[in-house]
Amino acid sequence: GLPAALPALPLELTVLYNSLLFTVGASDSVIKGEAEGICQGLLRVLEACGACGQDLGTEELWQKVLQEVTVEELQAPLHRLGALQAAWWLAAGQLGSVAGLFHLLSTAEDPGRPHCSEGQNKLLSMIRAWQVPPEGASLPLVQSTKDLKEILCTTAAFQQGLQELEAGNFPTALSLLQEAAGGFCSKKILAQIYTCLGCCTQEMGKPQTALQHLKRALQVDFQCLPALSNAAAVYHELGETDAELQALTLLYEALGKKPPAAASSSPYFLMRTELLVHTPVLTSLLRHQHPSEVKYLLAQRCLQDGRVADAVEHYLDFLSLLQEGLQQQVPLDDSSAVPSIPEVFLEAASALEQAGRHQDAITVCEEVISRTTDLIPQVLRVEERLEQPECSSPGAELAGGLLSQKKESLCCLTWRAAGYLHQGWAWAKLGESKEAVTQFSREHLEDAILRCAYLPVTENLQPEVEVLQKIRLLSLIGRGTQFLELGRHKEALLDFQYSLQISPGDPAAASYLVQALWKLNRKQEAAARWQKCSQSSPGEDGQQQGQERPLPLYLVSCLEQAMFPHSESLARSIQDYLGAAAHDTSS
């Protein structure tokens, strides 16, 4: 409440500087909002000089103080307070305000000196051009202004690097992040910077360089688990499965351990870079994966690489986590690696099936079928008028909600159909052809529910409809193979014909159709079909498959089981038949 007095202001501003730093250090949390006290300190400076600034904003207040207050004794404390103000603005992402403030600070020191050379970053140049005021022995500081300046430089480089990274300007981001890595910061922040450098160079198509940065991050701080997670992603991109699985295993083990207390080997500072950088892009890049996510990734990668035994083990571990009530903790948002839980069950069934544990696969599929049946309406009609509306009117929101509901029902329908499909193949592997036919036939009950086969389908629902049609195709082929096993060749022929109606030119369906005709002693027709298939370009099927969306992982094994296994023997039989027919004709 005392009136401002010029002789006491240097001490008053220094006390304000120290108290603000103590407040930051005591809270040990990210800086948000305005720096309480700085504006009051500036107003007292103006008051002592006979000026007023009550109605001015923070930036205008700083401009008025630095341009009008020329008392020599106040310059050093004002510059220190300006550095603190810059820290608050950096934390708020107000980089333009920071650049303007340092322009004012540097202009007050030397009006004629240029502050930024061509090709240099303007903000960093402004901060570096600022001359740190000398520290008097009579007014001790809890953190030197020189150290604070270095922290501001590191923070400015780091924040701008993250902005450029988010904007896709990778060369500029790389330069700024490298600048930040050479700055003044703790090991924790340095590891984060190296992790961001790894993400940046990976986006630039330099995976080996990315790995070097990520390894450096782990060397600096072995608790920087996002670096390990990103390294696994880079190994996946490079196709180095052993290294990827090793990284994921280490990550899973590390997530299961309580991290030791961080012991910093560097001096403790009240104002630190980690308190100033908390942007959404950094949070996204450094997102810690849940242990369940990593366990799923281990299962998925093993299944994709054909390591069936390991895949089964990991999938069963993941399912046991769900049984233990961990389902609420399994992240299922867009950033998560874990798909919908029914898909995980179906992938587990696929792994069990490939491992020869057919009865277990049937049981897992039954879980999917029982849980999705009640969620499927009696009739599901997918029509073109349900396209996602662009406007945000109440009617549009209602239509969008209907579309979402249709999509959810369609997914449940797809998962149940896939469950029946897997059960059909499992019973077939157990030699139970009649039970296999029953399960393959169940999938066709879905046609009574889904009325979209010949309707225009919206782009929003097209992927789900395509998957369901693929399941229908595989079920028809599967049932046809079992009819062949049972000697019911005419029924098998019908299923293969229906398969080709769904997917004209499908190589498996076409080959099985030839076999069915052959077994029905319609050899001339079979030979004609076989010749037609043989004359088609080998690249046509591959080109057609390349245009299709990739199949869900849980259907890959079914697709492999549906492949025709007797191509060579059937080809020899038909060639012999054609040779004999040609010989008889010539005779």
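Details
- Residue tally, condition modelled with pLDDT under 85, assigned to a loop (DSSP other than H, G, I, E, B) and closer than 22 Å to GLN67 by Cα, over segment 95-132: 7
- For segment 168-238, the helices (runs of 4 or more DSSP H) that sit wholly inside it and include 3 or more residues that are buried (at least 20 other Cβ atoms within 10 Å of the Cβ) and more than 22 Å from the chain's Cα centre (by Cα) are 170-181.
- Within the set GLN54, GLN75, GLN63, GLN67, the sole residue that is more than 39 Å from the chain's Cα centre (by Cα), within 24 Å of GLN159 (Cβ to Cβ) and surrounded by fewer than 18 Cβ atoms within 10 Å (Cβ to Cβ) turns out to be GLN63.
- Every residue from segment 13-48 that is part of a loop (DSSP other than H, G, I, E, B) and surrounded by 17 or more Cβ atoms within 10 Å (Cβ to Cβ): ILE31, ALA35
- Residue pairs whose Cβ atoms lie under 8 Å apart, sitting 6 or more positions apart in sequence or on different chains, and linking a residue in segment 561-576 that is under 15 Å from LYS519 (Cα atoms) to a partner that is outside any loop (DSSP other than H, G, I, E, B) and among the β-branched types (Val, Ile, Thr), are LEU570/VAL514; ILE574/VAL514.
- Some residue of segment 377-388 being at pLDDT 80 or above and closer than 21 Å to THR414 by Cα: no
- Segments classed as helices (runs of 4 or more DSSP H), wholly inside segment 391-501, with at least 1 members that are at pLDDT 55 or above: 394-429, 433-442, 462-485
- Residue within segment 188-211 that is of a type in the set (Gly, Ala, Ser), over 30 Å from ALA99 (Cβ atoms) and out of contact with any Gly (no Cβ under 6 Å at 6 or more places or on another chain) present: yes
- SER370 in contact with a Ser or Thr (Cβ under 6 Å, 6 or more places away or on another chain), modelled with pLDDT of 85 or more and in a helix (DSSP H, G or I): no
- Residue count for segment 49-89, restricted to those that are small (Gly, Ala, Ser) and assigned to a helix (DSSP H, G or I): 5
- Segment 119-165, residues that are among the polar types (S, T, N, Q) and either crowded, with 23+ Cβ neighbours inside 10 Å or touching a residue at least 40 places away in the same chain (Cβ under 8 Å) (or both): ASN121, GLN143, THR145, THR154, THR155, GLN159, GLN160, GLN163
- Scanning segment 281-306 for residues that are open to solvent by 10 Å² or more (accessible area, probe 1.4 Å), in contact with a helix residue (DSSP H, G or I) (Cβ under 8 Å, 6 or more places away or on another chain) and without any contact (Cβ under 8 Å) to a residue 60 or more places away in the chain turns up HIS290, PRO291, LYS295.
- ALA254 modelled with pLDDT of 95 or more and either within 16 Å of LEU297 (Cβ to Cβ) or not in a loop (DSSP other than H, G, I, E, B) (or both): no
The values are calculated or read from the model by the stated rules, or taken from the named source; none is laboratory data. Keep in mind the model is a prediction, meaning the values are calculated, not measured. As a convention, Cβ positions derive from the backbone with ideal geometry for all residues, glycine included, and neighbour counts pool all protein chains shown. Just the protein is used for accessible areas: all its heavy atoms, side chains included, with ligands, DNA and RNA removed. Shrake-Rupley method; radii C 1.70, N 1.55, O 1.52, S 1.80 Å.
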